[in-house]
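In what follows, a single structure is set out as structure tokens and then discussed.
Rule-based calculations on the coordinates, nothing more; no lab input. Note that this is a predicted model, so its numbers are computed, not measured. Because the Cβ atoms are built from the backbone with ideal geometry, glycine has one as well, and the counts that use them run over all protein chains shown.
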Amino acid sequence: MKTVLITNLYLQKYTGSELHVIDIANEFKKNNYDVTIAVFSKSYPLLAECENFKVVELSDKSLDNTKFDILFIQHYPTLDYLKTHYHIQYKHLIISKLSSFNGFETLPDEYKTADLISVVSQECKESISNLTDNIYVFKNSVSDNFFSLPKRNTYTLKNIAIISNHVPEELYALKEQLNEYTVQIIGAGNTPTLVTPTILSKFDLVITIGRTVQQCFAARIPVYVYDHFGGPGYITKENIQKAQDFNFSGRGFNKKQTQEIFQDIINNYENNLSNLSYLNEYAQENFSLTKTFNSMLQIVTNHTSNEFKSLKPYNELENIRIQTYSEMMPFTPYIHTDYLNESQFYYTDETNELNENNSYSWPITNGYTIERHFNISSNEYFRFDPAKKPCKCKLVEIIVDDKKLNLANVTSNSIHKDSSFDYFLTSDSNYTIYSKITNNVSIKYLVQPLTYVDMEMIVTEKNREMNELVLKCNTLYDKAHPIQTFNKKRRNKHK
């Protein structure tokens, strides 16, 4: 079987480069490639989308195969790590560039010998046109399932989504102004959610930028292009080319005031509906993931190469310097483990005991809803540890043998509970679930790090509980020792 190695800084969250890598991996898989993805850090929820691929962390030095038909390199530090820690051999090399300004998207020196440089937009292409003309514009493209959504007959503006990982203040203010509508904010810092055709179909309008724009085109969902860079608003035949040149990022257009956005959305919604068929056809012609990928793959594989080549090595001094910096990559702010955690699930053995041998552990990203499923059996009870650091956890659901459990019966070592979260100050947070597992269990949950506000709330609550306890103790003492209480009151009275 043909093999491909795809790289990215990390594989953790629902962000642009990570989702692009998943799309690319799926297309290689459809073309009968054995896919390996190499990153500096991996975690759920995104690992749930990688069941058909092998995902390795570069810092583990766990890349067992070093010969690949194709290298698809995203983010130059990953290539530096490969060059200084492995003897990689390949037949074809694709360098991917998704940004014209992000430093990690700088072209490595291998661009000079690459079979192709894949860029995400015309803007990105122009940023390197002085270096090479060996460029393929791999536009943000849409998988087939977005095009297969049933066509709506009618649209009424009721449910609105703001989908963004960097919501500007004017859109937060817009949400308040759209108080007659149901508005949901999806993305980092709010409700991180993987955008699917099913998710999009729930909305009558989506306010967003980037790849979600083309997904809305494909799904015939009205879309308003605006975010922290600004944006054109509704996409029309007149502005689509300029918006596309800037990858529907909002760049190239002015920022707007909240009231201006509000009036534009409301006043022009009905007019925009007439463009939905045009935008869908435009997306089929220009943003089909399968067509775009197959075109790129054909260009690359048409370059005859039956022999394996090696990545050009650094000289000795360069090698030491670059090896050192590349080993530090997992500790950068982009990848640092401050927002990562680890969960663990224990099930009982035949002696009804819990131990490390009968457990599963997995890395997670804080702030994302995680869902895990295990085909196991367990006697009488099992245990779930949401995190290895102090945290707050929201148990969403536990399903045992296709039956949803009552979470009110789950016990934990949390120090405090409210309507949403259990708060843990320990590094050994755990839930104990007294239920036998015959065939399978599913756990859905969300972990967040504790904030200063959380700690202040916990201290306040514990002080209140302590004061109540002291009051109860004093009351019980007074009732149990009436003479001492009477004498105490007399002494206080005569002071």
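Structure notes:
- Taking every C-alpha pair closer than 8 Å and separated by at least 6 residues, the mean separation divided by the residue count of region 197-236 gives a relative contact order of 35 percent.
- Unsatisfied cross-links (Cα-Cα over 30 Å) in the set K42/K139; K30/K392; K97/K392; K61/K309: K30/K392; K97/K392
- Burial ranking of peptide ranges 136-142, 12-18, 175-181 (average Cβ count within 10 Å, highest at the top): 136-142, 12-18, 175-181
- Karplus 3J(HN,Hα) series, Hz, for region 232-239 with 6.51 cos²θ - 1.76 cosθ + 1.60 (x for Gly, Pro): x, x, 5, 8, 10, 4, 7, 10
- Charged neighbours of T258, selected by a Cβ distance under 12 Å, balance to -2 (K, R count +1; D, E count -1).
- Near P390: Cβ cut-off under 11 Å, other residues only, Lys/Arg at +1 and Asp/Glu at -1. The net charge is +1.
- Cα-based equivalent ellipsoid, region 221-342: semi-axes from gyration tensor eigenvalues, Å: 42, 26, 13
- Between 0 and 90°, nearest 10: helix 16-30 axis offset from the chain longest Cα axis: 60 degrees
- Share, in percent, of DSSP beta bridges within the chain that are antiparallel, nearest 5: 50 percent
- Charge context of K404, other residues only, Cβ under 14 angstrom, K/R +1, D/E -1: -2
- On the principal axes of its alpha carbon atoms, the chain extends 100, 60, 49 Å, with the longest extent given first.
- Under-5 Å amide H pairs with H92, H placed in peptide plane, nonlocal only: I70, L71
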